[in-house]
Amino acid sequence: MKKLFIFVMMFFLVISCGKPKSQKDFEGRMSEIQSADNEKALNFLEEGTDNAAVQNFEDFYLNFFKKVEYKVLSAEEKENESILQVEIKAPNVVEPFIDIFQEGIGLAFSGASEEEMEKFFNDSMNGILQKKDITYLSGTIPVYMTKNEDGEWEIDTERNSELFVYLTGGLSTFAQQ
């Protein structure tokens, strides 16, 4: 039994040592985003975009992040920069959002209060994730990481527009169209 325990411990040690540090830090950050730790997930959302359409749906995104799937295919580190190739899949919420937005405009013109509008949008957005026919964005993208002063790898928010498209279900591009 002791030999089995030692074998299992060595196996996990070898596996954990095999990943580049930037990959481990990216996976750790993604775990934080997908966790129940709302503060960390919301901080990521605020760091990644200044798009009001994204920032106004914080509750929605806390549920959305849990549906994002990813797999790091490779990592290439050079000094203070790293490029990860990441296969990613996330709910596509652009088309449903356009329908919700149009319905919301009609509601606004009918004299709905700000509270009614906020409730309508929050309920409608959260309803998107409950649909059985929801479509997904999927692809392989580069994720750029940079080393901070403490030697930790961070997601480079300025060079990862593709990543943020996936992590917002496409809404980060909505205001740009």
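Is it fair to say Tyr166 is closer than 23 Å to Glu39 by Cα, modelled with pLDDT of 90 or more and in a helix (DSSP H, G or I)? First the steps, then the outcome.
Working: closer than 23 Å to Glu39 by Cα: yes; modelled with pLDDT of 90 or more: yes; in a helix (DSSP H, G or I): yes.
Here the answer is yes, as Tyr166 does meet what is asked.
Matching residues to (1) of a type in the set (Asp, Glu); (2) outside any helix (DSSP H, G or I); (3) touching a strand residue (DSSP E or B) at 6+ places or on another chain (Cβ under 9 Å); (4) modelled with pLDDT under 90:
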site: Ile105; (1), (2), (3), (4): no, no, no, no
site: Ser124; (1), (2), (3), (4): no, no, no, no
site: Val143; (1), (2), (3), (4): no, yes, yes, no
site: Thr146; (1), (2), (3), (4): no, yes, yes, no
site: Arg159; (1), (2), (3), (4): no, yes, yes, no
site: Glu162; (1), (2), (3), (4): yes, no, yes, no
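Do we have any residue at all in region 110-117 that's part of a helix (DSSP H, G or I), aliphatic (A, V, I, L, M) and surrounded by fewer than 18 Cβ atoms within 10 Å (Cβ to Cβ)? Lay out the reasoning, then the answer.
Here is the first cut: in region 110-117, the ones part of a helix (DSSP H, G or I) are 114-117.
Now restrict to residues that are aliphatic (A, V, I, L, M): 117.
With the extra rule that they be surrounded by fewer than 18 Cβ atoms within 10 Å (Cβ to Cβ), the set shrinks to 117.
The answer is yes; a qualifying residue exists.
So, Ile83, is that one among the β-branched types (Val, Ile, Thr), surrounded by 15 or more Cβ atoms within 10 Å (Cβ to Cβ) and out of contact with any strand residue (DSSP E or B) (no Cβ under 7 Å at 6 or more places or on another chain) or not? Step through it out loud before you land on a result.
On the way: among the β-branched types (Val, Ile, Thr): yes; surrounded by 15 or more Cβ atoms within 10 Å (Cβ to Cβ): yes; out of contact with any strand residue (DSSP E or B) (no Cβ under 7 Å at 6 or more places or on another chain): no.
Against the criterion (among the β-branched types (Val, Ile, Thr), surrounded by 15 or more Cβ atoms within 10 Å (Cβ to Cβ) and out of contact with any strand residue (DSSP E or B) (no Cβ under 7 Å at 6 or more places or on another chain)), Ile83 does not qualify.
The values are calculated or read from the model by the stated rules, or taken from the named source; none is laboratory data. Here the structure is a predicted model, which means the values were calculated and not measured. Cβ atoms come from the backbone with ideal geometry, glycine included; neighbour counts cover every protein chain shown.
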